[in-house]
Amino acid sequence: MHAAASHLPIASSGSFLITPNVGIMIWTLVVFAISLFILRKSVFPRIGAALDARQHTIDAAERARKEADQLLADYRERLQEARQQAEEILARAQKTAQAYEHRARDEAESKHQEALEKTRRDIEAETRRAIAEIRREVADLTVAATEKLMRKTLSEEDQRRLVQEALDELDFDALSVAGEGH
């Protein structure tokens, strides 16, 4: 049986793919050429157009990404510049505020000194006026006391001489120094 099976033709064994058949090969080539022709005329252009469209979309997306990156870089640069300008403005405002505060303090000190000086002048003027008034009253009291003591009316010349002597005895400079000390 074994020997009988080995004598059978190969085609009957079921392996027709191994034995070359020229007719099938020609028809396979014809069908392949027709399929290739149909694919080349109708399908490949569509696939190419789709690939081209996809490439254009990718290129446009890449350009848009580059533009977005550039815009982002510009935005960041402008933001940094704005921050620097804000810091400069803040620094200038602080310097201006400090200068204004210093100037206001100086003006207040100057006005305070002027007020103190005016008060001193007013006190000195009031002291001089009070001393002059005291002198007049002392002179009047001296004349009145002298008249009472002497029980007579003094002549004008005697009154002046007595007043001058009384004034010379009083230390009015001590009164003005004591007045200025208060």
By the Cα gyration tensor axes a ≥ b ≥ c (a/c under 1.5 gives rounded; else a/b larger than b/c gives prolate, otherwise oblate), the shape of the range 38-171 is prolate
Kirkwood hydrodynamic radius (C-alpha pairs) into Stokes-Einstein, the range 105-150, 10 °C and 1.306 mPa s, D in µm²/s | 120 µm²/s
Using Cα positions and a limit of under 18 Å, work out the aspartates and glutamates in reach of K66, with same-chain residues fewer than 8 apart set aside.
-> D74, E77
May I ask you to rank I58, I131 by accessible area, largest first, using a 1.4 Å probe over the protein chains only?
-> I58, I131
For the range 51-104 the translational diffusion coefficient, Stokes-Einstein from a Kirkwood Rh over Cα pairs at 10 °C and viscosity 1.306 mPa s, in µm²/s, is roughly 108 µm²/s
To the nearest 10 square angstrom, what accessible area does R105 show with a 1.4 Å probe?
-> 130 Å²
Area accessible to solvent at H112, 1.4 Å probe radius, in Å² = 100 Å²
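The values are calculated or read from the model by the stated rules, or taken from the named source; none is laboratory data. Source: prediction; values computed, not measured. All accessible areas refer to the heavy atoms of the entire protein, side chains included, with ligands and DNA or RNA removed. Shrake-Rupley method; radii C 1.70, N 1.55, O 1.52, S 1.80 Å.
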